[in-house]
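To keep things clear, I will list the structure first and then write my remarks on it.
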Amino acid sequence: MRPRSLPLIAVVLLLALAAVAAVPVADARAPPTPVCGVCSVDTTVDGAAVAAGESELTVSIHENGTTAWEARVELTAGSDVLAENGSLRRAVVDEAMGRSIADPEQVRSQMGGEALIVRYRDDGATERHVGAVVFTPLTPEGPSSPFAIGGEGPRYLGTDRFTLRAPAGYDLHGDAESTDSGTIVWTRENGSERTSLDVATDPVAVESDSGAPGVRTWFARLLT
């Protein structure tokens, strides 16, 4: 091959690479996931309609890393049926829990007037590092291999109000509104069914009287 043909080949290769780069890549991530699946329940089971109205989710982080979740959902339809039929209520709750960021354990449900109240635990929702507790479900995991596509989907609220609470004696460090040092609150925007959570870093609970809380928070996130 003559040397003067090399620049032409290089140009062709560059054009080919540019064409590949210009092709849009399909988003292979999982679908968006609500923080609270049961908070937006809307289903029909055995001919009975069940629909959610206003709702709230509270997650309490414990010092040992376990978490307790409580969802309270005011129903606009189906409250009488769920109060009378425990099996039906459990079926509705179990189906809705499959759409949550939590890995629920010890799920319990009951009716309080028109409200469906669901309590559960998720003992895998945190990691402990450098004396801090990191709450991890709010930031989706990406692919484990370099150059791979896919991973967990983005998070959205799926509830009117989501409150995250640190253990007693801890401050909670995160990038959302705080009502006090130990609490972070997210609220639905303008009635949107899918208000994006838009959390870039994991919330971290650090003992209030610990030294260098900012450094501990940074290292805890780094090690997660």
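A few comments on the model shown:
- Here segment 181-224 is the region considered, the condition is being β-branched (Val, Ile, Thr) and out of contact with any Asp or Glu (no Cβ under 8 Å at 6 or more places or on another chain), and the residue that is nearest to Thr136 (Cα to Cα) is Val204.
- Condition check for Pro3: modelled with pLDDT under 95 and touching a Ser or Thr at 6+ places or on another chain (Cβ under 7 Å): no
- Any hit, segment 114-133, residues being modelled with pLDDT under 90, part of a loop (DSSP other than H, G, I, E, B) and either surrounded by 15 or more Cβ atoms within 10 Å (Cβ to Cβ) or at positive phi (or both): no
- All conditions in (1) modelled with pLDDT of 60 or more; (2) outside any helix (DSSP H, G or I) hold for Ala26, with the sole exception of (1).
- Residue within segment 57-71 that is closer than 21 Å to Arg194 by Cα and at pLDDT below 95 present: no
- Of the residues making up segment 45-66, those that are in a loop (DSSP other than H, G, I, E, B) and within 21 Å of the chain's Cα centre (by Cα) number 5.
- When segment 84-104 is filtered for residues that are surrounded by 13 or more Cβ atoms within 10 Å (Cβ to Cβ) and of a type in the set (D, E, K, R), the ones remaining, listed by number, are Arg89, Arg90, Asp94, Glu95, Arg99, Asp103.
- Every listed requirement among (1) over 17 Å from the mean Cα position of the chain (by Cα); (2) surrounded by fewer than 17 Cβ atoms within 10 Å (Cβ to Cβ); (3) more than 22 Å from Glu54 (Cβ to Cβ) is met by Asp175 save one, (1).
- Qualifying residues in segment 29-44 (those that are in a loop (DSSP other than H, G, I, E, B) and crowded, with 23+ Cβ neighbours inside 10 Å) - the one farthest from the chain's Cα centre (by Cα): Val41
- Within segment 189-224, restricting attention to residues that are in a helix (DSSP H, G or I) and of a type in the set (A, V, I, L, M, F, W, C), the residue that is surrounded by the fewest Cβ atoms within 10 Å (Cβ to Cβ) is Leu222.
- Qualifying residue in segment 104-115 (condition: touching a residue at least 40 places away in the same chain (Cβ under 8 Å) and aliphatic (A, V, I, L, M)): yes
- Top-ranked residue in segment 67-82 [being hydrophobic (A, V, I, L, M, F, W, C) and over 22 Å from Pro104 (Cα atoms); ranked as farthest from the chain's Cα centre (by Cα)]: Val81
- Failed condition for Ser178, given (1) modelled with pLDDT under 80; (2) assigned to a loop (DSSP other than H, G, I, E, B); (3) not β-branched (Val, Ile, Thr): (2)
The values are calculated or read from the model by the stated rules, or taken from the named source; none is laboratory data. This is a predicted model, so every value here is computed, not measured. Quick reminder, even Gly has a Cβ in these numbers, built from the backbone with ideal geometry, and neighbours come from all protein chains shown.
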